[in-house]
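This report concerns only the one structure given below.
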Amino acid sequence: MIRIAVIGGGPAGFMAAVSAAEASNNIEIEIFDKAEPFKTILYTGGGRCNITNATFDHKKLASNYPRGEKFLYSAFSRFAARETIDWFNSHGIELYTQDDCRIFPKSNDANTIREMFLNKARELGIKIRSHSSILKIEQRQDKFYIYVGKNPIIFDKVVISTGGNYRKVEGSGYEFTKNMGHNITELKPALTAFVTKEKWPSNLAGVTIQDVEISAVFKGKVVAKDRGDLLFTHKGVSGPSIFKISSYCAFLDYSESEPLILNFNFVPDKKSEDFEKELLKVFDENSKKNLVNILSDYVPRSLISMLLDINLITQDKKPSQITKEERKKIIKLLTALALSVKTPAPEGEMVTAGGINLDEVNPKTMESKIVKNLYFCGEVLNIDGFTGGFNLQAAWSTGYIAGINISTG
Ligand SMILES: Cc1cc2nc3c(=O)[nH]c(=O)nc-3n(C[C@H](O)[C@H](O)[C@H](O)COP(=O)(O)OP(=O)(O)OC[C@H]3O[C@@H](n4cnc5c(N)ncnc54)[C@H](O)[C@@H]3O)c2cc1C
């Protein structure tokens, strides 16, 4: 019997263990987790678990990973969104696809995914050791000595699937891997909300604005762009587009003194000159209406009302009373409102950008190129995707590839 240790019982580790056990009868698998196994899944997709995304072209799917795109080509050519759907269906999980392509279990409950994996693992004879934090891994000859306490447990092969954590390297998969000769890239939070220097967003906390064009500028250069819904929070801004921009900007050292500037266009598809012409016409046709009522057709009243106040423009002015200077200011507020981001929202990241250096891992097998019989999968690798089911997809794909290779290799 080949003895395999899976360190980290999250989505990637369980997928590796179950796939390996389903592929071979000649292996014994133990999953070690420092906490309750498979707990992380319960918080995904707001408790509904956004399993994957209905993007069936491999290259298009891979383009949703700011880190790991090319590395994933090989895994996706074998096990991508279509295979993931089939895999879950064949393990008794029915799925459905939302209009925005996000795929969820029909139960709308992440716990069904957890239960399925835990039951399957038990059925396959996989030993699950919860509350077993791995402190150290040593390699002697062709065996791995895994330390939970003082006495080592000996294995032939090891999968490291300890997930991401940019705050704590000590006692993490990064640390064991480093000790075995691998390099870990710089680690940063990604898929975060932003904290702005301006305090006024807190007055709008909870207000969502649909379909906003956002461009991010750092040191005078446009560094990211996206279009989607914007959410104001107590400390700044959030929402799917902000998460995406935070991923693109994960490694920029913006700060209070050198902020990342976000410019918002609330009338996308319209340039400021065209919008000015349109506004002049609207003013003409609505000469008896108050300014705030007219502009509420473009953005929520709470936002425009606040922006007019901050810019000292009287809200109940009639169009004929608006000066040219005020009109120019209004155009700017609606087509290029700027906010200065000083930090990502603390504790709010969904993934870690950075991880085990991908040059040192075989993308076809997930085996280390440095240490034979050592495998990796999931977020511990230098792979992170946007929101939409892409991070779990990377965990399923790399977990599956590691699993079938560890069982045969
Ligand atoms: C709030 C939130 C919502 C999310 N929603 C989604 C979503 O809907 N869709 C999506 O695609 N992605 C989502 N993500 C991202 C997704 O959850 C992760 O990318 C995914 O869980 C990574 O899987 P993993 O198995 O690699 O790592 P993890 O899920 O982090 O699992 C790693 C496991 O390793 C264990 N571990 C760590 N160190 C040790 C050690 N030394 N010894 C033993 N065990 C150890 C941990 O306890 C953990 O159980 C979300 C993330 C967050 C934070």
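The values are calculated or read from the model by the stated rules, or taken from the named source; none is laboratory data. Predicted, not measured: the structure shown is a model, and the values here were computed from it. Heads up: the accessible areas ignore ligands, DNA and RNA and are worked out on the full protein's heavy atoms, side chains in. Shrake-Rupley method; radii C 1.70, N 1.55, O 1.52, S 1.80 Å.
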(message) Taking every pair of distinct Cα atoms and averaging 1/r, then inverting, what Kirkwood hydrodynamic radius in Å comes out for the range 79-125?
(response) 11.4 Å
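Taking a quarter of the surface of the Cα convex hull of the range 192-348, what do you get in nm²? All intermediate terms of the calculation are to be shown ahead of the outcome.
Values: hull surface 35.8 nm².
Projected area, direction-averaged: 8.9 nm².
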(request) Using θ = phi - 60° and the Karplus relation 6.51 cos²θ - 1.76 cosθ + 1.60, list the HN-Hα couplings for the range 360-366 in order, rounded to whole Hz, with x at every Gly or Pro. (result) 9, 10, 6, x, 7, 10, 6
(request) For the range 44-106, with all protein chains present and a 1.4 Å probe, just round the carbon and sulfur fraction of the accessible area to a whole percent. (result) 45 percent
(request) In whole Hz, with x marking every Gly and Pro, tabulate ³J(HN,Hα) for the range 324-340 from phi via Karplus 6.51 cos²θ - 1.76 cosθ + 1.60, θ = phi - 60°. (result) 4, 4, 5, 4, 4, 4, 4, 4, 5, 4, 8, 10, 8, 5, 10, 10, 10
(message) In Å², and per residue, what accessible area does the chain have when probed at 1.4 Å with the other protein chains present?
(response) 45 Å²
(request) Any chance you could give the angle, 0 to 90 degrees and rounded to 10, that helix 69-78 forms with the longest Cα principal axis of the chain? (result) 60 degrees
(message) Which of the three applies to the range 24-153, rounded, prolate or oblate, going by the alpha-carbon gyration tensor with a ≥ b ≥ c and a/c under 1.5 meaning rounded?
(response) prolate
(message) Quick check: the distance between the Cα centres of the range 217-259 and the range 124-144, to the nearest angstrom?
(response) 40 Å
(message) Can you give me the angle between helix 390-408 and the longest principal axis of the chain, using Cα atoms only, in degrees from 0 to 90, rounded to the nearest 10?
(response) 10 degrees
(request) Grab every C-alpha pair in the chain, bin the distances at 10 angstrom width from 0 up to the longest one, and report whole percents. (result) 5, 21, 26, 20, 13, 8, 5, 2, 0
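Between Asn25 and Lys271, what is 0.36 nm times their sequence separation minus the Cα-Cα distance? Round to one decimal in nm.
Working: separation 246, 0.36 × 246 = 88.56 nm, distance 6.39 nm.
Full-extension gain reported as 82.2 nm.
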(message) If you roll a 1.4 angstrom probe over the protein chains with everything in place, what fraction of the accessible area of the range 192-348 belongs to carbon and sulfur, to the nearest %?
(response) 49 percent
(message) Cross-link candidates for Lys143: which lysines have Cα within less than 29 Å, leaving aside residues fewer than 8 places away along the same chain?
(response) Lys34, Lys120, Lys127, Lys157, Lys168, Lys178, Lys364, Lys369, Lys372
(message) Angle check, please: helix 11-23 long axis (alpha carbons) against the longest principal axis of the chain (alpha carbons), in degrees 0 to 90, nearest 10.
(response) 40 degrees
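Quickly estimate the mean residue ellipticity at 222 nm for the chain, helices only: each DSSP H run with n ≥ 4 gives -39500 (n - 2.57), and the total goes over all residues, rounded to 500. Mind showing how you got there, number by number?
Numbers: 12 runs with 128 residues, N = 409.
Per the formula, -9500 deg cm²/dmol.
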(request) Using a 1.4 Å probe and ignoring any ligands, DNA or RNA, find the accessible area of Ser19 and quote it in Å² to the nearest 10. (result) 0 Å²
(message) Straight-line reach from Lys221: which aspartates and glutamates fall under 18 Å, measuring Cα to Cα and dropping same-chain residues less than 8 apart?
(response) Glu213, Asp253, Glu256, Glu258
(message) With an 8 Å Cα cut-off and a minimum separation of 6 or more residues, compute the relative contact order for the chain in percent.
(response) 25 percent
(request) Would you please give the residues with an amide H less than 5 Å from that of Val207, counting only those at least 5 places away or on a separate chain, with H modeled from the backbone geometry? (result) Phe232
(message) If amide hydrogens are placed 1.01 Å from N in the peptide plane, which non-local residues have theirs closer than 5 Å to the one on Lys342?
(response) Val195, Thr196, Lys197
